[in-house]
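Take a look at the structure below.
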Amino acid sequence: MKLMKKIQGAVHTCLLPLCVASFVFGATAHAQDVRERVIKFSHVQPKNSHMDAGAQKFADLVAQKSNKKITVRVYPGGSLGGDIQTLSALQGGTIEMTTMPPGLMIGLSKEYAVFDLPFLFNSFQEADEFLDGPMGKSMLDKTPAGVIGLAYWDHGFRNLTNNRRPVTRAEDFQGLKIRVAQSPMIINTINGLGANATPMSFTELYAALESRAVDGQENPTSVIEANKFFEVQKYLTLSRHQYNPLIVLSSRKMWDQLTPDERKILTDAAIEARAYQRTVSRDMDSKALASLKAAGMQVSEISEAERKNMIEKLKPVSEKLAKDIGEPLVKQVRAEMDRIRAASK
């Protein structure tokens, strides 16, 4: 018995260094799966906007999760180009990451137009439940060639501003020249309400409003306030005609070069930053409305009856868009929204 204990002790003494070495080697090998790299994260909103807050939070989380091996450099304000140029650069791999409304990817994948259906969501809660649920996940998996979707952040409900008159009815849209994003869905929606939609890069918008090249534009109130459109716009209508999520995108060229550990770090950071970004965005949205009123903008509400009238007026647009997108997908989306609303009652 004593001899056996001596042998076991000797074996244990002999094996302990091997175990320690094996553990250290394993940890080192794992650490080697996260390489030193710099990621350029470009977006079009100004510094300290809700979009920038999300990007900065994401950068902090990536640094933390990668033990500072991965550095995310944020380029706000369209300094590396507008949305369309950024999307092209993302596909080409010269920019590694961005965030933008899915509607801007319609030219690459028509299914992304489903997010821009007019009056699809009634509240932030509905939007979050849809986006974070199975339908939202399935849409992330359908990102166009050259890009990878990681998570949904918040851009907000879009509202109308203009310089000509208060807008409280569908008829008030008639003849207004409204700048819109370069998205077929919003172009058709604004035209369907009787205005003249004018596609234009966001980086050109302030100058166009100032020079009266366009009468107005439509964006979430936080964007209107952050970009100081109140300096060149008089009337704000809380039309809430469309909800925009933001989709956090990675260049596939970069993604294909990442290790599984690096991919997990970026995905986890994008999802973890989501709650923070949404909170910041919606807090900014609420505060922005008070700020815009204080700055002298005349604010109009759309009544529930008029909202229904606008939805009715846009039926031909919605039906045409459903055919363009694919009616089976639109039916799936509508059914999911019916389920969400029924469950909340």
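Here, each number is a calculation from the coordinates, and none is a lab measurement. What you see is a predicted model, and the numbers here were worked out from it, not measured in a lab. No Cβ is skipped: glycine too gets one built from the backbone with ideal geometry, and neighbour counts run over all protein chains shown.
For THR198, the residues whose modelled amide H falls within less than 5 Å of its own, excluding neighbours fewer than 5 places apart on the same chain, are ILE178, ARG179, VAL180.
With a/c under 1.5 counting as rounded, go ahead and sort the stretch 212-344 into rounded, prolate or oblate using the C-alpha gyration tensor (a ≥ b ≥ c being the square roots of the eigenvalues; past the cut-off, prolate if a/b is larger than b/c, else oblate). Mind dumping the intermediate values first?
Details: a/c = 1.96, a/b = 1.24, b/c = 1.58.
In terms of gyration-tensor shape, oblate.
The phi-based Karplus calculation (6.51 cos²θ - 1.76 cosθ + 1.60; θ = phi - 60°) puts the 3J(HN,Hα) values of the stretch 284-298 at 4, 4, 5, 5, 5, 4, 5, 5, 5, 5, 5, 6, x, 6, 8 Hz, whole numbers, x for Gly and Pro. Taking 18 Å as the straight-line reach from the Cα of LYS228, the aspartates and glutamates in range (excluding those fewer than 8 positions away in the same chain) are ASP52, GLU204, GLU210, ASP215, GLU218, ASP283, ASP285. Given the pairs LYS177/LYS313; LYS177/LYS331; LYS110/LYS177; LYS110/LYS320; LYS142/LYS331; LYS65/LYS264, which span a C-alpha to C-alpha distance of over 21 angstrom in this model? From LYS177/LYS313; LYS177/LYS331; LYS110/LYS177; LYS110/LYS320; LYS142/LYS331; LYS65/LYS264, over 21 Å: LYS177/LYS331; LYS110/LYS177. Summing charges over all other residues whose Cβ lies under 13 Å from the Cβ of ARG164, with Lys and Arg as +1 and Asp and Glu as -1, gives +2. Relative to its Kirkwood radius, the Cα radius of gyration of the chain gives an Rg/Rh of 1.12. The C-alpha atoms of the chain define a longest principal axis, and helix 50-65 lies at about 0 degrees to it. Near ILE247, the amide H atoms lying under 5 Å from its own belong to MET100, TRP153; only residues 5 or more places off or on other chains count, and H is placed 1.01 Å from N.
When the Gaussian network model of the chain links Cα atoms closer than 10 Å, the mean-square fluctuations of ARG278, ARG169, ARG179 top out at ARG169. Considering only MET135, MET284, MET97, the Gaussian network model of the chain with Cα springs below 10 Å gives its largest mean-square fluctuation to MET135. Projecting each Cα onto the charge dipole of the stretch 37-344 (Lys/Arg +1, Asp/Glu -1 at the beta carbon, about the Cα centre), which of THR71, LEU289, VAL317 comes out farthest on the positive side? Working it through, the farthest residue towards the positive pole turns out to be THR71.
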